Amino acid sequence: MKNNSDDKNSQHESSLSSSVQCCGYVAIVGRPNVGKSTLLNNILGMKLSITSRKPQTTRHQILGVKTESNVQSIYVDTPGIHQRRGTAINKYMNRAATSVLNDVDIILLVVQAGQWTEEDQLIIEKLQTVKCPVVLVVNKIDKLENKKQLLPIMQDLSAHYKFSEIIPVSALNGMNVEILEEKLAPLLPVNEHIYSDDQITDRSMRFLASEIIREKLIRELGQELPYTSAVVIDKYEEDETIVHIHATIYVESAGQKSIIIGKKGARLKSIGTHARQDISKMVGSKIYLNLWVKVREGWSNDEQALRGLGYGE
Ligand SMILES: Nc1nc2c(ncn2[C@@H]2O[C@H](COP(=O)(O)OP(=O)(O)OP(=O)(O)O)[C@@H](O)[C@H]2O)c(=O)[nH]1
Ligand SMILES: [Mg+2]
């Protein structure tokens, strides 16, 4: 992933204002629910990565590309690094997050203002061996009742690691996000752009559609849903006027299946309606969406089943 370009960095100062191209990878890491995906979406100015109030929403690395004149930033949203039960899906998610640490040009460590936890500390320990600059993003500052709290919070945080910058932001309302981007640009290496200027992600519409369905599932079910559900797209076919999508939601028990389907199918219908609206907005055409729910016992702790459901390395 990383651009091998240390030798080119001397050209960097002049490059930001010249025609020399800069391009690099920026990992967005942090414990679950601190606002990593919301930050990526705010930077891109569009909804690419799914978000929710529930921790452990993001399960895969999601690449979001932003190109502005000669600077291309390739952001990598990651699952929240956590200490929960060691099931195969949890291990997969932690691997997907930590594997980027030694393979990018900049790391954004996202924390929540005023809420330093053991999981944040765990990530600091993982950062001890990284060579690239680490920028601390102190998110959700809109939630601070007293803005005077911010300075002491930032001072305390600076003791945890030698961060190259500490930037307070609100990923939700965009406060300071542009300032964050301005701080990142000079840290990107001189390198040719990897993606074309209009490309936003390397993920397929098929993948993004499955993520949207999963988001609606999480949002619709809230606390009732254990994070043992997965969405697989069985069919994705476009014709001139409509995209036909058949998808299956896999859960681990008959009880979970009936919760998702709801009374007379009302819940599944609502999940489908919301998903269809968002997928239609993303694809820019009409969507026919057919959703099924199936039970596959124990999939979340079964490496082979996980791969079958799209959680492969
Ligand atoms: N008030 C406030 N809420 C925020 C902010 N950023 C994110 N949130 C909310 O925090 C929750 C979690 O946001 P996500 O972006 O899904 O968090 P994440 O770090 O990607 O979470 P995982 O993918 O589970 O690791 C959502 O309800 C967001 O709306 C912020 O700046 N201010
Ligand atoms: Mg996320």
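Things to note:
- Single match in V76, V26 (criterion: open to solvent by less than 20 Å² (accessible area, probe 1.4 Å), closer than 16 Å to V135 by Cα and within 12 Å of ligand 2 (Cβ to nearest atom)): V76
- Lone unmet requirement of (1) part of a helix (DSSP H, G or I); (2) open to solvent by less than 60 Å² (accessible area, probe 1.4 Å); (3) closer than 15 Å to K66 by Cβ for E211: (3)
- Residue that is in contact (Cβ under 8 Å) with a residue 24 or more places away in the chain and over 25 Å from S49 (Cβ atoms), where the choices are A266, A254, A275: A254
- Flag for I194 being of a type in the set (A, V, I, L, M), open to solvent by 40 Å² or more (accessible area, probe 1.4 Å) and at pLDDT 95 or above: yes
- Residues of the stretch 130-146 that turn out to be under 18 Å from S158 (Cα atoms) and in a helix (DSSP H, G or I), as a count: 1
- Checking each residue in the stretch 29-48 for being touching a strand residue (DSSP E or B) at 6+ places or on another chain (Cβ under 7 Å), in contact (Cβ under 8 Å) with a residue 40 or more places away in the chain and either near ligand 2 (Cβ under 10 Å from one of its atoms) or open to solvent by 20 Å² or more (accessible area, probe 1.4 Å) (or both) picks out G30, V34, G35, K36, S37, L39, L44.
- Residues of the stretch 52-73 classified as open to solvent by 10 Å² or more (accessible area, probe 1.4 Å) and more than 15 Å from ligand 2 (Cβ to nearest atom), total: 7
- Elements of the type helices (runs of 4 or more DSSP H) sitting completely within the stretch 214-313 and holding at least 3 residues that are open to solvent by 20 Å² or more (accessible area, probe 1.4 Å) and among the aliphatic types (A, V, I, L, M): these cover 254-261, 266-283.
- If you go through the stretch 170-189 and pick out every residue that is outside any helix (DSSP H, G or I) and within 17 Å of the chain's Cα centre (by Cα), you end up with 4.
- The sole residue among V138, V110, V71 that is at pLDDT 95 or above, closer than 24 Å to T201 by Cβ, within 14 Å of ligand 1 (Cβ to nearest atom) and of a type in the set (A, V, I, L, M) is V110.
- Failed item, numbered, when T87 is tested on (1) open to solvent by less than 20 Å² (accessible area, probe 1.4 Å); (2) within 11 Å of the chain's Cα centre (by Cα): (2)
- Residue satisfying condition, being open to solvent by 20 Å² or more (accessible area, probe 1.4 Å) and in a loop (DSSP other than H, G, I, E, B), within set Q115, Q121, Q155: Q115
The values are calculated or read from the model by the stated rules, or taken from the named source; none is laboratory data. Since the model is a prediction, treat every value here as computed from it, not as a measurement. For neighbour counting, all protein chains shown are included, and Cβ atoms are generated from backbone atoms with ideal geometry for every residue, glycine included. For the accessible areas, the whole protein counts, side chains as well, though only heavy atoms, and no ligand, DNA or RNA atoms are used. Shrake-Rupley method; radii C 1.70, N 1.55, O 1.52, S 1.80 Å.
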